[in-house]
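Following: one structure in structure tokens, then a few remarks.
Bear in mind these aren't lab numbers, they're just calculated from the coordinates by the rules spelled out. Just so we're clear, the structure is a prediction, and the values are computed from it rather than from any experiment. Here the Cβ is made from the backbone with ideal geometry for all residues, glycine too, and neighbour counts use every protein chain on show.
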Amino acid sequence: MPGRIIFLNGTSSSGKSSIARELLRVLDEPYFHMPVDSFHAMRSRREIPADDLPGVLHRTWRGFHRAVAGMAAAGNNVVVDHVLSEEWRLRDCLELFPARDVVLVGVRCPLPELRRREEARGDRPAGLAARQFEQVHSHGVYDIECDTAANSAADCAGRISAFLTRQTSPTAFERLRGTPRPDGGPAGAR
């Protein structure tokens, strides 16, 4: 049996990692938290030429998706901390993850609060969340959404945990797979 994937999607500084930590604390079954930031942190600290950076980042994201898919295929439950700020990332995940086993969670936060958090963190490029803001939720379909400006990470985790017991079908991933791409092909196809 494949594992379940709780897929937290939101901008940088939206609270995904905080929710993931709370989920690991409250969920009854074992889960692995797989944040994409951890994959970026594994890369050597060598300076990457600007022309090479897009390719390096693309390969990192693709490898991350395949690692998540592999963990779930081996029967592990996974909490994914992700930023769907480019359409290809969603398409890649739709192809790789078993749609019925994915709970897609929209992690939302108003832009002024994102700016405040980003500045307080000091470990993100200024304006990163603002650059991601419009695209990250543009697919528009979720199983459940959380507003981290109005609710604590613990409250969001509690809502997600409660949702798992009453999850319905089709899942957001199943619905998104049925949505045609802008180029006319099915969502899950390349």
*Helix-only CD estimate at 222 nm, as mean residue ellipticity for the chain, using -39500 (n - 2.57) per DSSP H run (n ≥ 4)*: -14000 deg cm²/dmol
*What Kirkwood hydrodynamic radius, in Å, does region 5-93 give when the mean of 1/r is taken over all pairs of distinct Cα atoms and then inverted?*
14.0
_From Cα pairs below 8 angstrom and at least 6 apart in sequence, can you work out the relative contact order of region 1-144, rounded to a whole percent?_
42
*Can you check how the C-alpha radius of gyration of region 92-149 compares to 2.2 N^0.38 Å, as a plain ratio?*
1.34
*Cysteines of the chain lacking any other cysteine beta carbon under 4.7 Å?*
CYS93, CYS109
*Can you pull the Rg over Rh of the chain, Cα-only, Kirkwood?*
0.95
*Restricting to the chain, compute how many DSSP beta bridges are antiparallel as a %, nearest 5.*
5
